[in-house]
Amino acid sequence: MGLLTSNVLPLQKKPLKNQPKLSKSTKILIFFPLLILGFICLFIYPNEFYLQSLIKSCTSSTYTSVEKFTDPVTRKPDFRLLIGVLTRADLYERRHLLRMVYSLQMGNLTAHVDVKYVFCRLYKDDQRILVPLEILKHDDIIIMDCEENLNDGKTYSFFSNIAQMYNGTNGDEKPYDYVMKADDDIFVRLQKLIDSLNPMPREDMYYGFVIPCDSMDPFRDYMSGMGYILSWDLVEWIASSDIAKNNTRGTEDMMTGQWFHDGNKAKNRFNTKPAMYDFPIPIPIDSCSHKFIPDTIAVHRLKDNPKWATTLKYFNFTDGLKPSKFYRID
């Protein structure tokens, strides 16, 4: 059977008859307002046309640029400081207060600061339950294998344990530049402390409130146990030195100064007076104590809540509290 062929031609459209045509005046009436509107947009919003012309050509590069700006930016801290608060297991309320005071200062610090609460092994059944609760919640407690004491080697245990616990935790770098031994009755203003430490050397450094009270010479005796700071190399030296190991009993801050004297250590020493001092009770009773000053780094001997409240009030510690219908504080 042969192929079928078609002789049918494609249909052609015929022009419509009687289709109305727009007059010249009608065209002007329609297009003139649109022309005016275009000029208005061009002169009043010139950048809109420019931005629209860039949308397609810049989409990919703009996305890349925004992506770069949203990458996390990390700033290396000026230094790393560990504050070891030597306290006792039973002092739950004091640790609660100290945690609040320190945590409210942690924002926008220029240095990395860790705070740990340090005491000897637990010896009561309730401690074996309540202290683990704190650890689960805060993870900021160090329990050393020693009998609880004040001047019978606890400070030596602290420094030697810290050197061992943190050895190698930061790779090849030292875990901290400085370690502070602090009492649990001292209020430390962290940024003021950081500002004071920034220009200090990172090696062989011993920093604090010089004893005796009337002395301004950091090489004369030793730094008060209220809160003194050692560079990391001195912490390591204490942990490895027979001088420190064989002389642990005695007034703890005095013994620390004696270690450095006998070992010819801590050649870089700095006195913090008058920025560190004892709370005035009720007026300054000796040269270790004076009235509050704006440049305070630390206030010591805050033995009870009223003294803490007085100190925190002076330094406007609760100024950030906002009004709320849920509380009223007159």
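Structure values in brief
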item: Selection within the range 153-198 - modelled with pLDDT under 95 and of a type in the set (Val, Ile, Thr); result: THR169
item: Flag if ASP278 is among the charged types (D, E, K, R), in contact with a Lys or Arg (Cβ under 8 Å, 6 or more places away or on another chain), at pLDDT 95 or above and closer than 26 Å to ASN149 by Cβ; result: yes
item: Contacts under 6 angstrom Cβ, first residue in the range 114-137 being aromatic (Phe, Trp, Tyr), partner in a strand (DSSP E or B), 6 or more apart; result: TYR117/VAL85; TYR117/ILE141
item: Residue tally, condition farther than 17 Å from ALA298 by Cα and in contact with a Lys or Arg (Cβ under 8 Å, 6 or more places away or on another chain), over the range 85-113; result: 5
item: Failed item, numbered, when ASP214 is tested on (1) within 27 Å of TRP308 (Cα to Cα); (2) outside any loop (DSSP other than H, G, I, E, B); result: (2)
item: Answer residue from the range 193-225, given it is crowded, with 19+ Cβ neighbours inside 10 Å and touching a helix residue (DSSP H, G or I) at 6+ places or on another chain (Cβ under 8 Å) and is farthest from MET165 (Cα to Cα) among those; result: ILE211
item: Qualifying residue in the range 229-249 (condition: in contact with a Cys (Cβ under 8 Å, 6 or more places away or on another chain), modelled with pLDDT of 95 or more and within 25 Å of MET100 (Cα to Cα)); result: no
item: Test: GLY153 is touching a residue at least 60 places away in the same chain (Cβ under 8 Å) and among the small types (Gly, Ala, Ser); result: yes
item: Any hit, the range 186-197, residues being in a helix (DSSP H, G or I), touching a residue at least 60 places away in the same chain (Cβ under 8 Å) and over 29 Å from ASN108 (Cα atoms); result: no
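The values are calculated or read from the model by the stated rules, or taken from the named source; none is laboratory data. The structure displayed is predicted, hence computed values, not measured ones. No Cβ is skipped: glycine too gets one built from the backbone with ideal geometry, and neighbour counts run over all protein chains shown.
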